[in-house]
Every structure is written in structure tokens, then in C-alpha cells.
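The values are calculated or read from the model by the stated rules, or taken from the named source; none is laboratory data. It should be emphasised that the depicted structure is a prediction, and the values quoted were computed from it without experimental measurement. Quick reminder, even Gly has a Cβ in these numbers, built from the backbone with ideal geometry, and neighbours come from all protein chains shown.
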Amino acid sequence: MVNNTGFCQLEPAYTITMYVTGANSVGVLSNGSDFAHYELNAGSMNTVESFDGPKIEGQVVSGGDWLYIDSSRDHARVNVKAMVKTIDGTTISVSWTGHCDLDDKIKAVFTGGPGASTTPFGRLIDQATIEAAHPDFAVLEKSCFVGSGRFVLQDGNMAVETRISRVVAPDEM
């Protein structure tokens, strides 16, 4: 019999959608990785209705993804940083690092290939950090977050949608 006590749970917290507004290729590095910076200077961040933590409703005002596609071309490492301005004027920093398995659907999105469309969740996962100087958001700096993302194609524009969950520690021994 397996004892599954002591494991963390996930509490859905936020959804952030950031639109790709530009791209800057560094090129293929000496280790074979293809390095590029994607500008993510538009979008929104919203609280999941059931989340009992601080509410965030705001617009992405600045952001970027420093993306490394491994030499195999089947895996990418993401490093995203963004600034969100809430409706009451608070600036929040959201960042994450993670991994993306580059299947054919995701490759079609990046290359603009035939049949490119919104991808399902499950290929892009990350560990997220949320920070803000406003005391109402201090609890977020003491929390662990993880995310699951996908690429969204809408009206010829590409966006990255990430659903962020708070990691909740178990109570049992």
C-alpha cells in the first residue's frame, strides 16, 4: 500500500497572458543553442475567482522572454520577466524559469508553419516568483508558485498564456 500523505497541493491563483510584440535573435551559440529575446509588452494578469490570496487585476506594461532552444531543437529553456500595473496603480513583478518540450504543434507556432494554432497546456512548465513593494502583496513573496503555459494564436498575434498556482504545504504528518 502506498502512503501518499505529505505531498503538496496546488491552488489555482492567477492567469497571465502576454503578447509577443517583437523578437531579437542573438543566434546560435557555441554550444549549439539558439538564443533569442522575445518582447512581451502587452497583455493582462487576473486572479482566479476561487483564489483566497491577494487579488491582481492589471495590464502587462513590460516584459520579455530570454529563450534558449537546445541544439536538439526538441527542448527550450524559458526565462520570463514582466511588470504588471494593477488597476489601482501598484506595480508587480512576475518572473519564471521553466522548460518547454517543442513538439510539432509548438514548432509550427514558432515557424508560422501550416496548421499553426493554439497549443494545449502541458508542454510548458515553470517555477514562478511574484513580488511587489505594496504591503498587501507581501504574502506573495513568501509563497511558492508553479505555472503551466501554452502558446495562443489569435487574429495573427502570438501570446503566451500561463496559469499560475500556489504550492500549498500539507498539514498532516
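Checking each residue in region 29-57 for being hydroxyl-bearing (Ser, Thr, Tyr) and in contact (Cβ under 8 Å) with a residue 12 or more places away in the chain picks out 33, 38, 44, 47, 50. Filtering region 127-162 to residues that are more than 27 Å from residue 101 (Cβ to Cβ), in contact with a strand residue (DSSP E or B) (Cβ under 8 Å, 6 or more places away or on another chain) and either among the β-branched types (Val, Ile, Thr) or assigned to a helix (DSSP H, G or I) (or both) leaves 137, 140, 141.
Only one of the listed residues (60, 26) is of a type outside the set (S, T, N, Q), in contact (Cβ under 8 Å) with a residue 40 or more places away in the chain and either in a strand (DSSP E or B) or surrounded by 14 or more Cβ atoms within 10 Å (Cβ to Cβ) (or both). That residue is 60.
Quick one: is residue 60 under 18 Å from residue 149 (Cβ atoms), touching a Gly at 6+ places or on another chain (Cβ under 8 Å) and not polar (S, T, N, Q)?
So residue 60 passes the test.
For region 107-131, taking the residues that are among the aliphatic types (A, V, I, L, M) and out of contact with any Leu (no Cβ under 8 Å at 6 or more places or on another chain), the one that is farthest from residue 40 (Cα to Cα) is identified as 108. One residue stands out in region 21-51 among those that are closer than 20 Å to residue 91 by Cβ and β-branched (Val, Ile, Thr): the one that is modelled with the highest pLDDT, namely 47.
Please tell me if residue 150 is touching a residue at least 12 places away in the same chain (Cβ under 8 Å), among the basic types (Lys, Arg) and within 22 Å of residue 42 (Cα to Cα). Against the criterion (touching a residue at least 12 places away in the same chain (Cβ under 8 Å), among the basic types (Lys, Arg) and within 22 Å of residue 42 (Cα to Cα)), residue 150 qualifies. Kindly indicate whether residue 72 is of a type outside the set (A, V, I, L, M, F, W, C), free of Cβ contacts under 8 Å to residues at least 12 places away in the same chain and not in a strand (DSSP E or B). Taking the combined requirement at face value, the residue satisfies it.
Looking at region 94-126, which of the residues that are without any contact (Cβ under 8 Å) to a residue 12 or more places away in the chain and in a loop (DSSP other than H, G, I, E, B) is surrounded by the fewest Cβ atoms within 10 Å (Cβ to Cβ)? That would be 114.
Here residue 6 passes the criteria (1) surrounded by 13 or more Cβ atoms within 10 Å (Cβ to Cβ); (2) more than 19 Å from the chain's Cα centre (by Cα); (3) not in a strand (DSSP E or B) except the one numbered (1).
Which of the residues belonging to region 127-173 are among the polar types (S, T, N, Q), crowded, with 18+ Cβ neighbours inside 10 Å and within 21 Å of residue 91 (Cβ to Cβ)? Scanning region 127-173 gives a single hit, 162.
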